[in-house]
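Participant: I have a structure here, written as structure tokens, and I will follow up with some questions on it.
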Amino acid sequence: MKPHSRRKLDSVIRLIACTAAEKLYDQRLEKFFSYDDDSKIIAKGLIFPVDIASSDESFDTFSREKLWNLAECCDSGKVSRIVREIIVNVPFELNADQQRQLVVAFASSLANYYDIAIDFVLRSPPIGADPRSFRAHLFLTTRCIKINKNGELEFSRKSYFEWSNKNLTALNLPTTHDQLKQIRARWAALNNVFLARYKIHAYVDSRSHQARQLSVRPFVNLSAIDRQLENCGIPTLLGNYNRQIEKENARIMEQRTISERTFSQTLSEESALMATVFATIDEAQYQIKKYDKFTRRSNKTDQFIEKYYQQTAATDRSIERYLQKIDRRKRAIS
């Protein structure tokens with residue numbers, strides 16, 4: 001994200017005209033800025049918050065020249081910050097229309113969150129650059145935009161991103177650094193949604209290598225001049241640095257592969273040993289069940305014999321009582 005102020009930028013209109021490849025008039029400087037090379041532009045447009053876009057008033061014809069001249073009029077200071085620029089890399093796996101949809105979705109989410117207007121320009125890679133380097137430039141107004149009582153657009157207070165961390169903390173709002181992390185996470189999430197929607201096997205993560213606990217080191221971005229020199233076979237300082245990082249990452253990945261192979265072999269041996277242990281346990285459990293079954297059968301046999309003995313004893317007692325009864329009758333008769 002790049003903040004642009006009048007201290008470093010003589011005209012916001014000039015920056016917008018150069019990026020969008022248009023002829024725009026700067027009312028403050030009273031001069032035209034014209035850039036006609038639009039061969040690398042894929043799409044461009046203005047994004048407003050949903051309450052403005054869905055209002056009864058039509059702002060479809062609202063031009064970027066009028067928007068940024070209005071923004072220039074709201075801040076007249078010599079060091080005023082008029083615009084913030086966000087530059088994002090767009091997945092090259094998506095076609096032009098899909099890339100435009102992704103950028104519009106991202107710009108709309110930011111416009112609705114901060115209540116600001118956003119001017120976006122989607123560009124294809126310049127000559128000599130990496131052919132996969134599709135970029136989108138998003139120019140964010142530093143003030144919130146709204147519709148006044150006359151049905152016209154006007155700027156109001158500064159957006160939350162322009163507030164000091166002291167004021168943000170007092171209102172329990174995320175700090176500027178936290179907001180920047182949220183914007184990066186929002187862009188990564190939208191990338192992953194579009195990649196999954198169009199069945200592209202790729203994933204975007206906004207976190208750093210350190211936050212993701214990756215052992216490999218990241219590459220540095222080459223400037224346009226360094227890229228052109230590298231394409232012509234002329235090594236550069238940053239190019240040599242990236243090649244050194246590539247060698248170190250290859251060595252780390254090789255060691256990781258060896259470690260994973262060793263771990264896999266150890267895991268296979270442990271799995272075989274555990275399978276043997278489990279088989280032994282299963283056999284022991286089977287023998288225990290078999291013994292329990294035999295024991296239950298033996299107990300049932302003992303119970304049957306005990307019951308038989310009891311029945312035999314009862315029969316003997318009945319016979320004895322019957323014989324005693326007969327003896328008493330014989331004595332009574334005699």
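Participant: As an exercise: evaluate Ser63 against (1) of a type outside the set (Val, Ile, Thr); (2) at pLDDT 85 or above; (3) surrounded by 13 or more Cβ atoms within 10 Å (Cβ to Cβ) and give the number of the one condition it does not meet.
Facilitator: Result: Ser63 passes all but (3).
Participant: Next up: Can you tell me which of Asp302, Asp282 is at pLDDT 75 or above and either in contact with a Cys (Cβ under 8 Å, 6 or more places away or on another chain) or part of a helix (DSSP H, G or I) (or both)?
Facilitator: It is Asp282.
Participant: Of everything in segment 1-38 that's among the small types (Gly, Ala, Ser) and part of a loop (DSSP other than H, G, I, E, B), which residue is farthest from His137 (Cα to Cα)?
Facilitator: Among them, the one singled out is Ser11.
Participant: Going residue by residue through segment 197-210, is there one that turns out to be in a helix (DSSP H, G or I), out of contact with any helix residue (DSSP H, G or I) (no Cβ under 7 Å at 6 or more places or on another chain) and closer than 20 Å to Phe106 by Cα?
Facilitator: yes
Participant: Can you name the residue in segment 168-212 that is in contact (Cβ under 8 Å) with a residue 40 or more places away in the chain and of a type in the set (A, V, I, L, M) and, of all such residues, is nearest to Met1 (Cα to Cα)?
Facilitator: Leu180
Participant: Within segment 246-255, can you find the residues that are touching a residue at least 12 places away in the same chain (Cβ under 8 Å) and more than 26 Å from the chain's Cα centre (by Cα)?
Facilitator: Glu248
Participant: Just for segment 93-122: of the residues that are under 21 Å from the mean Cα position of the chain (by Cα) and of a type in the set (A, V, I, L, M), which one is surrounded by the most Cβ atoms within 10 Å (Cβ to Cβ)?
Facilitator: Ranking the qualifying residues of segment 93-122, first place goes to Val103.
The values are calculated or read from the model by the stated rules, or taken from the named source; none is laboratory data. The model shown is predicted, which means the values in this text are computed figures rather than measured ones. With ideal geometry, Cβ positions are generated from the backbone for all residues, glycine too; neighbour counts draw on all protein chains shown.
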